[in-house]
Amino acid sequence: SLRKMRYFHNFYAIVQCNSHLGLTLGFDFGAEQAAKGSRDYHTWIAPIAIAKYQINSSVALGLRAEYYQDKSGVIITTDFPGGFQTWGASGNLDVALTKHLLCRLEYRLLSSKEALYISNGKPGKQNQMIALAFAANF
């Protein structure tokens, strides 16, 4: 078998500061052998910070900041010498429509030093998105 060893860790802490404000801090770390049996590893990282402010029982605001780095192209392959590296930020408004139905309006921005993203058929250094989502739980 030509399989290389791959390791992945997802560390995070959730802190409820008070009845309205909650914070999540996370750090993903992965490593894959450069070749089967090798002691050299290619790594990738993804730190993240999320803040959630609960306005009332049915409305909440969220902010998120993140970074992703995969210089060796283990998870995301590119032709750029620095691999895939990007910063992200987002803000969202969550509205609980019922006990079992949530509506989320979100704005998200991804930004990179390289033209990693395609927008209107052209390469660009940023990607922006506005999304509306509904989630149901049973």
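Among the residues of region 8-19, those that are open to solvent by less than 100 Å² (accessible area, probe 1.4 Å) and part of a strand (DSSP E or B) comprise H9, N10, A13, V15. Within region 116-130, one or more residues are open to solvent by 90 Å² or more (accessible area, probe 1.4 Å) and in a loop (DSSP other than H, G, I, E, B). Out of T77, T98, one residue alone is open to solvent by 40 Å² or more (accessible area, probe 1.4 Å) and over 29 Å from F29 (Cβ atoms). It is T98. Just one of the numbered conditions (1) at pLDDT below 95; (2) in contact with a Leu (Cβ under 8 Å, 6 or more places away or on another chain); (3) not aromatic (F, W, Y) is not true of A51: (1).
Assess whether A89 counts as being farther than 18 Å from A46 by Cβ, open to solvent by less than 50 Å² (accessible area, probe 1.4 Å) and modelled with pLDDT of 95 or more. Please lay out each step first, then the result.
Numbers: farther than 18 Å from A46 by Cβ: no; open to solvent by less than 50 Å² (accessible area, probe 1.4 Å): yes; modelled with pLDDT of 95 or more: yes.
In short, no.
Would you check which residues across region 15-43 are within 30 Å of Y53 (Cα to Cα) and within 16 Å of the chain's Cα centre (by Cα) and list them? The answer is L23, T24, L25, G26, F27, D28, F29.
May I ask you to say which residue of V95, V59 is touching a Cys at 6+ places or on another chain (Cβ under 7 Å) and among the β-branched types (V, I, T)? The conditions single out V95.
Could you tell me whether region 20-36 includes any residue that is in contact with a Gly (Cβ under 8 Å, 6 or more places away or on another chain), surrounded by 14 or more Cβ atoms within 10 Å (Cβ to Cβ) and small (G, A, S)?
Checking region 20-36: not a single residue is in contact with a Gly (Cβ under 8 Å, 6 or more places away or on another chain), surrounded by 14 or more Cβ atoms within 10 Å (Cβ to Cβ) and small (G, A, S).
Among the residues making up region 34-72, a single one is touching a Phe, Trp or Tyr at 6+ places or on another chain (Cβ under 7 Å) and either on the phi > 0 side of the Ramachandran plot or outside any strand (DSSP E or B) (or both): A34. Considered as a group, the residues in region 101-115 that are in contact with a Phe, Trp or Tyr (Cβ under 8 Å, 6 or more places away or on another chain) and farther than 26 Å from F134 by Cβ include one that is least open to solvent (accessible area, probe 1.4 Å), and that residue is S112.
Being within 17 Å of K113 (Cβ to Cβ), at pLDDT 95 or above and among the polar types (S, T, N, Q) is the requirement here; does Q69 meet it? Considered against the rule, which asks whether it is within 17 Å of K113 (Cβ to Cβ), at pLDDT 95 or above and among the polar types (S, T, N, Q), Q69 comes out as yes.
F138: of a type outside the set (V, I, T), over 30 Å from Y7 (Cβ atoms), open to solvent by 70 Å² or more (accessible area, probe 1.4 Å) and in a strand (DSSP E or B), yes or no? Answer is no for this residue.
The values are calculated or read from the model by the stated rules, or taken from the named source; none is laboratory data. The shown structure was predicted, so the numbers you read here are calculated from the model rather than taken from an experiment. Note that we place each Cβ from the backbone using ideal geometry, even for glycine, and neighbour counts take in every protein chain shown. Note: areas computed on protein heavy atoms with side chains; ligands, DNA, RNA excluded. Shrake-Rupley method; radii C 1.70, N 1.55, O 1.52, S 1.80 Å.
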